[in-house]
Amino acid sequence: MDQKNLENLLKEIKEGKRSIPDAMEELRSFSFRDLGYAKLDFHRELRRGYPEIVYASGKTVEQLQGIVKAMLESDTNIIITRAEEEKYEAVRSLVPDAVYYKEARIISISRKEPDIPETYISVITAGTSDIPVAEEAAVTAELLGNRVKRMYDVGVAGIHRLTAGLEEIRKSRVVIVIAGMEGALASIVAGLVDIPVVAVPTSVGYGANLQGISALLAMLTSCSGGVAVVNIDNGFGAGYYASMINRS
């Protein structure tokens with residue numbers, strides 16, 4: 001339940017269109033619903049502006065189906081991250097209009113259209129190998145109600161590729177920079193723009209990349225101001241955080 005739904009419910013009670021018992025039944029799971037293996041936070045959208053987002057990795061198909069069934073009882077959009085095709089097929093058996101973003105590994109079930117601001121988020125990758133993480137960030141931001149512009153494979157090995165699109169990047173409200181290897185791209189972008197930079201280190205790289213730790217440390221020690229860093233390969237966290245900035 002979001003703020004608009006709650007306001008409508010209270011108005012219906014005030015106007016005599018809804019009885020107290022009916023309203024109590026609707027609010028029965030207002031705070032959270034305990035499924036035994038999961039406690040669904042139905043209060044989160046009212047509290048934070050976004051509904052609870054389901055992390056599929058590690059959940060069984062049966063658990064995921066149970067969570068989806070429970071969430072369908074409320075009028076909310078459903079976003080499921082880190083989902084493989086097997087789990088998408090399980091969700092689609094319940095909800096035929098579920099959409100799967102294969103590269104991002106995200107399942108979306110849309111029940112209402114969010115308001116979308118005119119400003120947009122830029123998503124940039126250093127290399128093509130970083131695109132799966134970038135797509136997780138971009139699709140997350142889009143599903144949360146944002147316009148997104150993508151610019152891929154513009155890393156420091158050929159910095160002229162970045163500068164060719166710099167004017168469009170500067171027009172965005174916030175930029176997400178995804179990079180593996182030495183993770184230098186975030187510092188470079190932050191030094192060229194006057195907007196917030198959300199940096200995402202990836203596990204892309206040779207041995208000394210240490211599965212993303214080298215890129216993470218490089219981004220955390222950036223000499224450019226205005227850089228916030230999320231966890232390794234955490235495209236979802238970057239998309240969510242950028243959405244909060246863009247929609248504020």
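Of note:
- Segments 74-80, 62-68, 176-182 sorted - mean Cβ within 10 Å per residue, highest first: 176-182, 74-80, 62-68
- Expected 222 nm ellipticity per residue - DSSP helices of 4 or more, -39500 (n - 2.57), all of the chain, to 500: -10000 deg cm²/dmol
- Shape call, segment 112-183: gyration tensor on alpha carbons, a/c limit 1.5: oblate
- DSSP beta bridges fully contained in segment 82-208 are about 15 percent antiparallel.
- The mean sequence separation of alpha-carbon pairs under 8 Å and at least six residues apart, normalised by the residue count of the chain, gives a relative contact order of 14 percent.
- When the chain is reduced to its Cα atoms, the Kirkwood hydrodynamic radius in Å: 19.4
- Note on Thr221 and Glu168: the extension gain reaches 16.4 nm, defined as 0.36 nm multiplied by sequence separation minus the Cα-Cα distance.
- If both residues of a DSSP beta bridge must be in the chain, then about 30% of such bridges are antiparallel.
- Debye equation applied to the C-alpha atoms of segment 120-246, log10 I(q)/I(0) at 0.09, 0.13, 0.15 Å⁻¹: -0.19, -0.41, -0.55
A short reminder: the numbers here are calculations on the coordinates, not readings from a lab. Quick caveat, the model's predicted, so the values are computed rather than measured. Heads up, the Cβs are rebuilt from the backbone with ideal geometry, glycines too, and the neighbour counts pull from every protein chain shown.
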